[in-house]
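Undergrad: I have a structure here, written as structure tokens, and I will follow up with some questions on it.
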Amino acid sequence: MKVFVTGGAGYIGSICVEQLLNKGFEVVVFDNLTEGHRAAIDPRARLIEGDLRERACIASALAEVKPDAVMHFAANALVGESMQDPGKYFYNNVVGGQFLLDGMIAARVKRLVFSSTCATFGQPERVPIDESLPQNPINPYGESKLLFEKILRWYGEIHGLTYVALRYFNAAGASGTYGENHRVETHLIPNILKVALGQKSHVEIFGGDYDTPDGTCIRDYIHILDLAQAHLLALNAPASAFYNLGTGGGTSVKEVIECCRTITGREITVVESPRRPGDPARLIAGSDKIRRELGWAPQYQAIDKIISSAWEWHLAHPNGYGD
Ligand code: UFG
């Protein structure tokens, strides 16, 4: 089976590519390398350097490769940036996504696994967040992913596309070979580990006055290998579906920092800062549906396993992918 992976040079995409190859799939990566890294692409995969925003480019790549399925990771994914530049998010994530779908239909590719996000839910009225809760995004990033989910429904109904949208909670950790290296790092765990490596003086805690036991935000961190496993299962899903994907556990910012101190054995200086706009207090997944329907069973739920894998990768790659 041949899988066409957009954004296969990015953090989540690169690790899913590696896991697909380990299972014997043939993989073609389509990436413009603006956020991703050439060195993050498993050498067993073929790279087509191209841009989703160029309709003819993605259409001809799909027509030539004729994959059995597409995994669509390519997107901009920073909430803060989307509040500054919403047009970038709607154009790249929605228009670029639609060019991908049109190219798939033209090339008769009828199966898609899509990287969606819990940010489509906005400020949830309760946790855990299961698929029955209303989706009311509070930033253009979440809105762009929700718009694409809606486009998917119609392409499913009208063009017979079979899709699985996985709404990730907080992806974290590393695979051993590949890990998290964003050009602009905003995520909590890599930022803490940069302090442990001596590359940053301190990590900021964005808000200590939330309505949570220790006052800091709670997130559902999911190990990247468990996330990749969900993608492999989604490839063979019997029907189109939307799934929330997290472990159902919650860890606060302070707990993550404490765990990083224990695992690294290094000093980590923290500075308490004001809240970051747009951060909900608690995001925890209700993921019964994917467990029940696809048999997804996370193997690395404990936060210390997630952080240990990230730390090993950062120790081995202190300068990330070096670009
Ligand atoms: N945080 C800090 N200090 C930092 C970085 C983050 O205190 O230096 C806090 C944040 O305020 C938040 C938590 O740590 O409470 C986690 O923040 P991340 O930036 O690591 O992750 P987010 O929960 O903001 O974002 C993730 C994905 C997004 C997705 C979002 C859904 O990265 O793509 O979940 O809400 F949209």
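Where a number appears in this text, it was derived from the coordinates with a stated rule and is not lab data. Nothing here was measured: the structure is a model prediction, and the numbers come from that model. A quick note on method: Cβ atoms are made from the backbone with ideal geometry, for glycine too, and the neighbour counts reach across all protein chains shown.
Undergrad: How high is the FRET efficiency from residue 201 to residue 132, r the C-beta distance, R0 51 Å, rounded to 0.05?
TA: Plugging the Cβ-Cβ distance into 1/(1 + (r/R0)^6) gives 0.70.
Undergrad: Return the subset of 23/66; 150/305; 110/305 for which the Cα-Cα distance in this structure is over 25 Å, preserving the input order.
TA: Too far apart for the 25 Å limit: 150/305; 110/305.
Undergrad: Defining a contact as two alpha carbons under 8 Å apart and six or more residues distant in sequence, what relative contact order in percent does the chain show?
TA: RCO, the chain: 18 percent.
Undergrad: Have a look at 35, 204, 272 and tell me which one the Gaussian network model of the chain (Cα, springs below 10 Å) gives the largest fluctuation.
TA: So, out of 35, 204, 272, the one fluctuating most is 272.
Undergrad: What is the distance in Å between the Cα centres of region 246-311 and region 1-69?
TA: The distance from the Cα centre of region 246-311 to that of region 1-69 comes to 28 Å.
Undergrad: So for each of 92-98, 20-26 I average, over its residues, the number of other beta carbons within 10 Å; can you give me the resulting order with the highest mean first?
TA: Per-residue Cβ counts within 10 Å, averaged per peptide and sorted highest first, yield 92-98, 20-26.
Undergrad: For a quick check: with amide H placed at 1.01 Å from N, whose amide H comes under 5 Å from residue 284's, ignoring anything fewer than 5 positions away on the same chain?
TA: HN-HN under 5 Å from residue 284: 129.
Undergrad: Given the options 202, 72, 37, state which has the largest fluctuation in a GNM of the chain using a 10 Å cut-off (strictly under) for Cα springs.
TA: Of 202, 72, 37, the Gaussian network model singles out 202 as fluctuating most.
Undergrad: For the chain, modelled as a Gaussian network with Cα springs under 10 Å, which listed residue fluctuates most, 184, 270, 65?
TA: Comparing 184, 270, 65 in a Gaussian network model of the chain, the most mobile one is 184.
Undergrad: Same structure, new question: Normalized C-alpha radius of gyration of the chain, against 2.2 N^0.38 Å?
TA: 0.95
Undergrad: So what is the 222 nm mean residue ellipticity for the chain from helices alone, if each DSSP H run of at least 4 adds -39500 (n - 2.57) and you divide by all residues, rounding to the nearest 500 deg cm²/dmol?
TA: So the helix-based figure for the chain works out to -11000 deg cm²/dmol.
Undergrad: Let me ask another. Considering Cα pairs under 8 angstrom that are at least six residues apart, work out the relative contact order of region 202-323 and quote it in whole percent.
TA: This gives 38 percent for region 202-323.
Undergrad: A further question follows. Evaluate the relative contact order of region 60-132 (contact order divided by residue number), counting alpha-carbon pairs under 8 angstrom at least 6 apart; express in whole percent.
TA: 49 percent
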